[in-house]
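Have a look at the structure below before the remarks.
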Amino acid sequence: MLHAEPTTIQLAFPSRKQYAIPSYQRNYVWTREGQWEPLWDDLRGLTRQILAGGTGGRAHFLGTIITKQIRAQGFIDRWWVVDGQQRLTTLQILIAAACSAFNERGLTQCAALLTNVLVNPQEVVQEDSDKYKIQHKSSDYEGFSRIIEAGLGGSSVQQEEKLRLHDCYIYFRESLTAWFAGVAEQSHDEHAAALTKAILDNLQVVDIRLDGHENSHAIFEALNARGEPLTEWEKTKNYILSIAVRKDDPDGDRTYTENLERYDSDPYWDQRVSVPRFSGKRIDLFLSFFAQIELPRRRQQVSGESDLHTFPRSRLYHEFRYVGEHVYRRSDEELHGLLERLGRYATIYSQIDRRDGDRFSDYALLVMHRRDTLNLASLIPVFMVLVDRLGYGEDFDRALRIVDSYLMRRVAIKANYSGFDDVAFGYVQSVRDAPTDEISSCLIDEFEKSTWTSRWPSDDQVVLHLREADMYRGISSARIQLLLRGIAQRMHEERKDDLTMPFSTKTTLTVEHVAPQEWERHWKTDLNFGDSDEDRQRLNGLVHRIGNLTLVTRALNPKLGNRAWPFKVKLLEADNLEMNRRLLNDIDGETWNEREINRRSQIVADYVNEIWPHAATLRQQLGIASPEERAEDLVSGISPLVAERIVDSVTESGIEDGWVDKTGLNRWRRDDRYGRYLRLGGGGRWHVVWLGMSTRERQLVVSYSEPKGAPDRFISIPDGVGFDEVLESVETQLREVADSVAADRGA
């Protein structure tokens, strides 16, 4: 039951009373512009009214506080503050600043009156913390007691202690000093008395007191739906503590101290960060990554839905609450498991984010650097799960080779990452649920079966692109450097003799055009320049080919400029970068021309395919069996990949012949079997079926969507013949099904 009562400041801070701020409450966030200045302006207005009207003056409402009584300890009457800690804390700091200003000017009577609402009487104090009217448990309020002591002693806050609480004290202290400076000294007593009365009697709050049966966490959540919104972390933290309440921990305070305080007390988690589609505190970004790992499978189990679903960062709290009501609230074991995983993944996240060289190998740090350059924050939870499942050693590096190959091949073809968040979400779920000894196999399978927009480029696609594409415009310099640095590093490693300059990601290099972008002055003959618009367009594209791009030091870049080839040769010969030595040594002739650019483009493409292999080669290098080689994965006596090719090929050819409707081609998996939902028949007689892999030996199955209960049709896959003959046989049988569908619909 709630009891609401208007209360003056003098009555809000009586003798022998103390407010305790629970640990789950947010840190101090009030500011000068938002709250301090308006409060000081209001207080000055009240003081002027009192000075003008004698003992009068209107009451000024400051807002609401919500409190709940704690069992008495000693002589102090203690109350939890469910809501209003920002307001109460600011009032105490204001009073301390006024007390300090009064003591400095010898206004002892007013200072004594304010002292009574700042500290409890000495005779009831049994412990040091009993002295103060507010006991803060959060480390963000560590300097609160020093501020009160500064007010009592008339001193200033030390500069090295300047935090937001101290900023508040300094603001009010300086405002009071300026206020007294505008008053004649003989009027100081009168003005101090009016200000004291305004503080003690005219400032009011409404104190809403809860009885012992009210859930303080639920009320805290409801109240903070107004005003400055709580972050997803603050709401989720409060919810976790609400289900952690036990008889021996009535406000979840012990749970907070042992499991959650680290995120509020460490400035690292409070820092603001920006990644695609997110800008806010690091703790909220981490929470979204952790939720992506923790919640989808549990939500699926609770809801009974067939699919795993992503959710926006703005709904993290709602998702935690939905799962929590069905899982975490049910037992201490489930709650402790959540807190243990939260702490474990927080440690892993910080190690990844800080690039912990004591934990990760040089190669792992390099891959993390590449991910960071590509700005793919959605891969971070993939890395988190891999570390959690595989540790920090060779197994983790093996998995990263798969990720690295996928990423760098996509850089080589200038692919974008539109929609990659959803793709990465699937990777997280698959890797999280895979048996430990199959994680790398699962990861490479997931990357390989990506759709066209997020595909893993083949060797041929890499070669065709790099031989013809503009690799300078439409791609960031940072991405080009990723590609060229990887190749330059491999060339360095291939040298048997030691080079004087070691190669690393920290080496400062820039991208340089060998034949310059401004080629007309010195390069017309070398590049076989003609005067036509076609020649100009061709050469403008030629100089941006990957074969014409190299890396040079920042100091060498301006020296090369647009100079002629013989001049550039002398400078590049003195360069210590193996990439440039090979560029010169491998040239076939006396000059750099289109033939050399094409030749070197092929060399770069070959290096890309070698350093970052495609799936088949990578499987062989890592000792991962291909899907065809995994006997346990065989369905219908053929490999899943072959079955997928059959399903896709016959349905695509059916589109051309008119017995498959292209609007119905939806890939799907039923019971982990690949297939497609199709519309078979023709004309106005289309009918939805599912064509997919069967559990029967060397057969596909056609299942009817309507009418329900219609018997399945099975399509045999012939053995001992070539793939073309297989397709012909399957297509013939599927046509017969389509004709049957059309006939049935026609009837």
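The values are calculated or read from the model by the stated rules, or taken from the named source; none is laboratory data. None of these values were measured; they are calculated from a predicted model. Reconstructed Cβ throughout: ideal geometry from the backbone, glycine too, with neighbour counts over all protein chains shown. The protein model used for the area step is the full one, side chains on, heavy atoms only, and it has no ligands, DNA or RNA in it. Shrake-Rupley method; radii C 1.70, N 1.55, O 1.52, S 1.80 Å.
The packing ranking, built from the mean of other Cβ atoms within 10 Å per residue, places the peptides 325-333, 375-383 in the order 375-383, 325-333, highest first. Relative protection proxy for 297-310, 594-607, from highest mean packing down: 594-607, 297-310 (other beta-carbon atoms within 10 angstrom).
Applying a DSSP loop filter and a limit of 12 other Cβ atoms within 10 Å to the trypsin sites (Lys or Arg not before Pro) in region 684-742 leaves Lys708.
Per residue, what volume in Å³ does the convex hull of the Cα atoms of region 322-437 enclose? Could you put the intermediate results ahead of the total?
On the way: hull volume 14.0 nm³, N = 116.
Per residue, the Cα convex hull of region 322-437 comes to 121 Å³.
Based solely on its DSSP helices, what 222 nm [θ] is calculated for the chain when runs of n ≥ 4 H residues each add -39,500 (n - 2.57) and the sum is averaged over all residues, nearest 500 deg cm²/dmol? The helix contribution divided over the chain gives -15500 deg cm²/dmol. Calculation over all alpha carbon pairs of the chain in 20 angstrom steps from 0 returns a P(r) of 13, 30, 28, 21, 7, 0 percent. As a rough guide to protection, the peptides 562-572, 398-408 ranked by mean Cβ packing within 10 Å, highest first, stand as 398-408, 562-572. What do you get for the angle between helix 188-197 and the principal long axis of the chain? Use alpha-carbon atoms, 0 to 90 degrees, nearest ten. Once rounded, one gets 70 degrees. Per residue, the chain exposes 47 Å² of solvent-accessible protein surface, assessed with a 1.4 angstrom probe and all protein chains in place.
Note: relative contact order over the chain, using C-alpha pairs below 8 Å and six or more positions apart, is 9 percent.
Considering only DSSP beta bridges whose two residues both sit in the chain, what percent are antiparallel, to the nearest 5?
75
Rounded, prolate or oblate: which one fits region 69-137, using the alpha carbon gyration tensor with axes a ≥ b ≥ c (rounded when a/c is under 1.5, else prolate when a/b beats b/c, else oblate)? Oblate is the answer for region 69-137, as a/c is 1.5 or above yet b/c matches or exceeds a/b.
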